[in-house]
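Below is a structure I'd like to ask you about.
Read-outs throughout are calculated quantities, based only on the coordinates presented, and are distinct from any laboratory measurement. Fair warning: this is a prediction, and the values are worked out from it, not measured in the lab. All Cβ positions, even for glycine, are placed from backbone atoms using ideal geometry, and neighbour counts span all protein chains on display.
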Amino acid sequence: MELKEIFKMQKGLDQHIEQQHQLDKEDLFDRKTLALLVELGELANETRCFKFWSLKEPSPRSIILEEFVDGIHFIVSLGIECGFEGIDTLSVEKQEGKTLTEQFLKVYESVHTFRTTKKLEAYKEMFEHYLWLAALLGFSESEIKEAYISKNEVNYKRQQEGY
């Protein structure tokens, strides 16, 4: 997946938010990490992949995609926080034999590893595991990028409206 434009857009949004909320001097790493974990939980909830006790169908694909790109916002923001915005591309390959539940757990695990190490390789692995989740969900790179751009615009608008 091509990431240069996404990193650029996210950096602009992050700067806007940090200035508007007087957070320029704050270390937001842990808050962004927690936000990512919350978004990951919201995404899992919309897919309902772990709800073995329920017969209810997953949310519509558009809702699941919107939740997915919320996670992209925080993953990219964490990369910017650590100075990793030079990453141009990452793989969006599906891991064979993984269920959605297994992949969600793999993403949670990789977020924890990245949080404790803050190393580039752990960051790339976390991002790749998240993108593999997209492949399992059936999202294409173009769908993800289009949805990210759309949600980025919504996030800017929310900030202007005092969200």
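If you take just the helices (runs of 4 or more DSSP H) that sit entirely in the stretch 37-151, which of them hold at least 3 residues that are crowded, with 19+ Cβ neighbours inside 10 Å and aliphatic (A, V, I, L, M)?
In the stretch 37-151, the matching helices (runs of 4 or more DSSP H) lie at 61-81, 120-137.
Filter the stretch 46-87 down to the residues that are of a type outside the set (A, V, I, L, M, F, W, C) and in contact with an Asp or Glu (Cβ under 7 Å, 6 or more places away or on another chain), then identify the one that is farthest from Gln10 (Cα to Cα).
First, the residues of the stretch 46-87 that are of a type outside the set (A, V, I, L, M, F, W, C): 46-48, 51, 54, 56-62, 66-67, 70-71, 73, 77, 79, 81, 83, 85-86.
Within this subset, residues satisfying the condition of being in contact with an Asp or Glu (Cβ under 7 Å, 6 or more places away or on another chain) are 46, 58-59, 67, 70-71, 77, 79.
Working: Glu46: 24, Pro58: 29, Ser59: 27, Glu67: 16, Asp70: 11, Gly71: 12, Ser77: 6, Gly79: 10 Å.
Step by step, filter the stretch 46-87, then rank; the result is Pro58.
Kindly check whether there is at least one residue in the stretch 59-81 that is more than 18 Å from the chain's Cα centre (by Cα) and farther than 23 Å from Asn152 by Cβ. Please lay out each step first, then the result.
Step one: of the stretch 59-81, the residues more than 18 Å from the chain's Cα centre (by Cα) are 59-60.
Those still in the list that are farther than 23 Å from Asn152 by Cβ too: none.
Looking through the stretch 59-81, none of the residues is more than 18 Å from the chain's Cα centre (by Cα) and farther than 23 Å from Asn152 by Cβ.
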